[in-house]
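Since the structure comes first, as structure tokens, the remarks are kept for the end.
The values are calculated or read from the model by the stated rules, or taken from the named source; none is laboratory data. Note that the coordinates shown come from a computational prediction; the quantities given were computed from them, not determined experimentally. Quick reminder, even Gly has a Cβ in these numbers, built from the backbone with ideal geometry, and neighbours come from all protein chains shown. Remember, those area values only see protein heavy atoms, side chains included, never the ligands or the DNA or RNA. Shrake-Rupley method; radii C 1.70, N 1.55, O 1.52, S 1.80 Å.
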Amino acid sequence: MGATAHLLELQQLDIAIGRLRSRIATLTSGAALASAVADADAAEAQLGEIKLQLDALDRDTAKLEHDVDSLRQKATAEEQRMASGAVANARELEAIGHEITNLRRRIADREDEELAIMERRETLSAAEKDAAETATRLRDAAERLRAEAGDELTTAEADLAARQAERPAIVSTVDPEVLELYEQLRPQKKGVAAAALIDGVCQGCHEQLSAVELAKERGADVPRCEHCRRILVL
């Protein structure tokens, strides 16, 4: 390997460190947890809206039941009045008959409304059950994520500290000039400045080196990929 000896070991360590830092940043920002909490809040808001609709239907039902009861009492009173014989006038009796018919029609209309509300309530009750289950599931998931995020953050921070502690020893085994080039390339190559060369293929960009270039790089002090310019470890 020559001057590039131990470079892959350093590269693998730096990739691990980078991933841990990225994960810690994600956990610290709380983006995943915030998303889970937002989902749970939205589900609970939907459940609350359904409950409000059910409450409104219950109020409408109570009003209709009161109306029907009142109309029935009036219809019964008019029927009793007609049947009592207290009214002898034919035109007045006809008017009472019309009133009774009107009252019965209004009762039927109210009962139809009640039936429609019952059907609507049945649909909403099923939706309420589903919404409650969804809200509970999402809230539980958010709380689990909150707990797991705390545990994962502690573990990730410990792992990062351990990996960072390993780095000085590995750095000391890398040629200083190669190390300087490596550090210059890392920001340019998304953190991957060194790559293995396997069967003539750069594992950084996965491009095949030409035979001429391959022969040239095999004799170089610091082999470089002709395509991505990463440091090659032969």
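A few comments on the model shown:
- When Arg110 is tested against the conditions (1) open to solvent by 50 Å² or more (accessible area, probe 1.4 Å); (2) in contact (Cβ under 8 Å) with a residue 24 or more places away in the chain; (3) over 26 Å from Val222 (Cβ atoms); (4) under 34 Å from the mean Cα position of the chain (by Cα), the lone failure is (4).
- Ser29 meets each of the listed conditions (1) free of Cβ contacts under 8 Å to residues at least 24 places away in the same chain; (2) touching a strand residue (DSSP E or B) at 6+ places or on another chain (Cβ under 8 Å) apart from (2).
- Those residues of the range 23-44 which are within 15 Å of the chain's Cα centre (by Cα) and open to solvent by 30 Å² or more (accessible area, probe 1.4 Å), in sequence order: Ala31, Ala32, Leu33, Ala34, Ser35, Val37, Ala38, Asp39, Asp41, Ala42, Glu44
- Among the residues of the range 166-174, at least one is in contact with a His (Cβ under 9 Å, 6 or more places away or on another chain), in contact (Cβ under 8 Å) with a residue 60 or more places away in the chain, crowded, with 16+ Cβ neighbours inside 10 Å and assigned to a loop (DSSP other than H, G, I, E, B).
- Residues in the range 81-98 that are assigned to a helix (DSSP H, G or I) and either of a type in the set (A, V, I, L, M) or at pLDDT below 90 (or both): Arg81, Met82, Ala83, Ser84, Ala90, Arg91, Glu92, Leu93, Glu94, Ala95, Ile96, Gly97.
- Residue satisfying all of: in the range 184-203; free of Cβ contacts under 8 Å to residues at least 12 places away in the same chain and not hydrophobic (A, V, I, L, M, F, W, C); surrounded by the fewest Cβ atoms within 10 Å (Cβ to Cβ) among these: Asp199
- Residue satisfying condition, being farther than 30 Å from Gln12 by Cα and surrounded by 13 or more Cβ atoms within 10 Å (Cβ to Cβ), within set Asp60, Asp159: Asp60
- Residues (in contact with a strand residue (DSSP E or B) (Cβ under 7 Å, 6 or more places away or on another chain), in contact (Cβ under 8 Å) with a residue 24 or more places away in the chain and either farther than 17 Å from Gln11 by Cα or outside any strand (DSSP E or B) (or both)) located in the range 204-234: Gly204, Val222, Pro223, Cys225, His227, Cys228, Arg230, Leu234
- Residue pairs meeting the criteria (Cβ under 9 Å; at least 6 apart or on separate chains; first without any contact (Cβ under 8 Å) to a residue 40 or more places away in the chain and within 15 Å of Glu122 (Cα to Cα), in the range 37-60; second open to solvent by 80 Å² or more (accessible area, probe 1.4 Å) and β-branched (Val, Ile, Thr)): none
- Matching residues, the range 113-151, being of a type in the set (S, T, N, Q) and either touching a Lys or Arg at 6+ places or on another chain (Cβ under 8 Å) or touching a residue at least 24 places away in the same chain (Cβ under 8 Å) (or both): Ser125, Thr134
- Qualifying position, being in contact (Cβ under 8 Å) with a residue 24 or more places away in the chain, open to solvent by less than 80 Å² (accessible area, probe 1.4 Å) and of a type in the set (Gly, Ala, Ser), among Ala95, Ala75: Ala75
- Residues that are charged (D, E, K, R) and within 39 Å of the chain's Cα centre (by Cα) within the range 171-191 comprise Glu183, Arg186, Lys189, Lys190, listed in sequence order.
- Residue in the range 151-162 that is within 43 Å of the chain's Cα centre (by Cα), aliphatic (A, V, I, L, M), assigned to a loop (DSSP other than H, G, I, E, B) and within 30 Å of Ser35 (Cβ to Cβ) present: no
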